[in-house]
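Undergrad: Structure in structure tokens, see below.
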Amino acid sequence: MSDTFSLGEHRWMARALQLARRGLLTTRPNPRVGCLLIHSGAIVAEGWHERAGGPHAEIMALEKAGAMTRGATAILTLEPCGHHGRTPPCDQALIDAGVRSVVVAMEDPNPQVAGRGLQRLRDAGLGVRLGLMEAQAEALNAGFVTRMRLGRPRIVVKLASSLDGRTAMANGESRWITGGAARADVHRWRAASCAILTGIGTVRADDPRLTPRDVDGLDDMPPPLRVVLDSRLRMSPRAAMLQQPGTTLVITASDNAEARQALEQAGAEVARVGATDGRLDLTAVMQLLGDREINDLLVEAGAELAGALLQSRLADELVLYQAPHFLGGEGRPLVELPGLEHLGDRVRLKLTDTRMVGDDLRLQLQPVTGEA
């Protein structure tokens, strides 16, 4: 039998999720978490996880509440941790503070926690109810949930095209397909990601920096990890992204020691994975990034890599910006999907959100699996 919740508890959980979102840009690789403490039907303290290594949301709220913690109800967007990491366990802090009961949106998918924190609360005599606004809590931490369950990041592929699905003219000219508002929106997506990935073709053609710029709220956070897929180590040590703050990781199948040394001397990290027919094993790439605690991966790449991620069923979401113009049939395609011969082979997508960003249309889509 599922737990039932009052209208007031729904409102409190909505507020806790709102607080959790304040850590959208700053908690990586930790989840975003919010907490309220309720006493006599009123909020007596609020807290949220501000950054990795800092106090968790529960500790922030407990410290603010003082003596009002005794007999209070905690509203939590995520199960409290029960293990020693960079901070002490939060389940014990709630018990020691005299909290009477907890209402939790979702169980922690981290195998180190995974229901253990809730069970310790029950064993200590606290009332525990689970599942209030669970879907919203999972959506807020979709990357963290994906990494904990699948061992890889949640992969969002960013694309930009004309209305006729072209990303550049036949000669490669592409600046700018979309307007300034859409480009600024992309920088916000970058800022909310743990890593940004591209292919060597894009690096050689555009020499991108792959950094979030002009985004409020980043404080002194290091920029997201930059990842380049470069099977043959063709990346120049003079690439623009190697001149930026933060880390660039080049993933290759090559054993070219000279090229590797040149990139490492330029400040890059280089890692090897397997390859087939000259193409990197994308599953191995994503497992490597999962091992590096990458929750949310934004892919900004060309048609070949975008298509490969779709066909390998690794892409979790597409963010497509469509500009209100045509580039003609000779322009470069949005994605390359070789081997599709019949309508039944098509890659099906579900539209989850659509909105105008300046003069451009932004579509968010998720691949559809299974039968139509």
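The values are calculated or read from the model by the stated rules, or taken from the named source; none is laboratory data. Since we're looking at a predicted model, the values are computed, not measured. Note that each Cβ is placed from the backbone with ideal geometry, even for glycine, and that neighbours are counted across all protein chains shown.
Undergrad: Hey, could you check segment 160-191 for residues that are modelled with pLDDT of 90 or more and in a loop (DSSP other than H, G, I, E, B) and say which is nearest to residue 333 (Cα to Cα)?
TA: That would be 178.
Undergrad: Just to be sure before I move on: is residue 340 part of a loop (DSSP other than H, G, I, E, B), in contact with a Lys or Arg (Cβ under 9 Å, 6 or more places away or on another chain) and more than 26 Å from residue 186 (Cβ to Cβ) in the structure I sent?
TA: Details: part of a loop (DSSP other than H, G, I, E, B): yes; in contact with a Lys or Arg (Cβ under 9 Å, 6 or more places away or on another chain): yes; more than 26 Å from residue 186 (Cβ to Cβ): yes.
Yes: the conditions hold for residue 340.
Undergrad: If we scan segment 306-320, do we find a residue that is more than 21 Å from residue 163 (Cα to Cα), among the charged types (D, E, K, R) and assigned by TED's automatic domain parsing to the domain that holds residue 167?
TA: Residues of segment 306-320 that are more than 21 Å from residue 163 (Cα to Cα), as a first pass: 308-309, 311-316.
If we keep only those that are among the charged types (D, E, K, R) too, we end up with 313, 316.
With assigned by TED's automatic domain parsing to the domain that holds residue 167 added as a condition, the list becomes 313, 316.
Yes, segment 306-320 has at least one match.
Undergrad: If you scan segment 224-241, which residues turn out to be within 22 Å of residue 292 (Cβ to Cβ) and either surrounded by fewer than 19 Cβ atoms within 10 Å (Cβ to Cβ) or in contact with a strand residue (DSSP E or B) (Cβ under 7 Å, 6 or more places away or on another chain) (or both)?
TA: Our first condition is that a residue be within 22 Å of residue 292 (Cβ to Cβ); within segment 224-241, this holds for 224-231, 233, 235, 239, 241.
Answer for segment 224-241, where residues must be within 22 Å of residue 292 (Cβ to Cβ) and either surrounded by fewer than 19 Cβ atoms within 10 Å (Cβ to Cβ) or in contact with a strand residue (DSSP E or B) (Cβ under 7 Å, 6 or more places away or on another chain) (or both): 224, 225, 226, 227, 228, 229, 230, 231, 233, 235, 241.
Undergrad: Is it the case that residue 318 is part of a strand (DSSP E or B), buried (at least 19 other Cβ atoms within 10 Å of the Cβ), aliphatic (A, V, I, L, M) and modelled with pLDDT of 95 or more? Break it down into steps so the answer makes sense when it comes.
TA: On the way: part of a strand (DSSP E or B): yes; buried (at least 19 other Cβ atoms within 10 Å of the Cβ): yes; aliphatic (A, V, I, L, M): yes; modelled with pLDDT of 95 or more: yes.
Considered against the rule, which asks whether it is part of a strand (DSSP E or B), buried (at least 19 other Cβ atoms within 10 Å of the Cβ), aliphatic (A, V, I, L, M) and modelled with pLDDT of 95 or more, residue 318 comes out as yes.
Undergrad: Let me ask something additional. Please work out if residue 114 is outside the structural domain of residue 290 (by TED's automatic domain parsing), surrounded by fewer than 18 Cβ atoms within 10 Å (Cβ to Cβ) and assigned to a loop (DSSP other than H, G, I, E, B). Walk me through how you get there before you give the answer.
TA: Numbers: outside the structural domain of residue 290 (by TED's automatic domain parsing): yes; surrounded by fewer than 18 Cβ atoms within 10 Å (Cβ to Cβ): yes; assigned to a loop (DSSP other than H, G, I, E, B): yes.
Yes; evaluated as a whole, the condition is true for this residue.
Undergrad: Search segment 256-287 for residues being within 30 Å of residue 148 (Cβ to Cβ) and small (Gly, Ala, Ser), and hand back the single one that is surrounded by the most Cβ atoms within 10 Å (Cβ to Cβ).
TA: Among those that are within 30 Å of residue 148 (Cβ to Cβ) and small (Gly, Ala, Ser), it is 268.
Undergrad: Right, residue 293: more than 23 Å from residue 196 (Cα to Cα) and outside any helix (DSSP H, G or I) or not? Lay out the reasoning, then the answer.
TA: Values: more than 23 Å from residue 196 (Cα to Cα): no; outside any helix (DSSP H, G or I): yes.
Spelling it out, it is not the case that residue 293 is more than 23 Å from residue 196 (Cα to Cα) and outside any helix (DSSP H, G or I).
Undergrad: How many of the residues making up segment 242-255 are surrounded by 15 or more Cβ atoms within 10 Å (Cβ to Cβ) and within 23 Å of residue 281 (Cβ to Cβ)?
TA: Going through segment 242-255 one residue at a time, the tally reaches 8.
Undergrad: Could we say that residue 141 is touching a Pro at 6+ places or on another chain (Cβ under 8 Å) and either of a type in the set (S, T, N, Q) or outside the structural domain of residue 29 (by TED's automatic domain parsing) (or both) here? Before the answer, list the steps.
TA: Working: touching a Pro at 6+ places or on another chain (Cβ under 8 Å): yes; either of a type in the set (S, T, N, Q) or outside the structural domain of residue 29 (by TED's automatic domain parsing) (or both): yes.
The answer is yes for residue 141.
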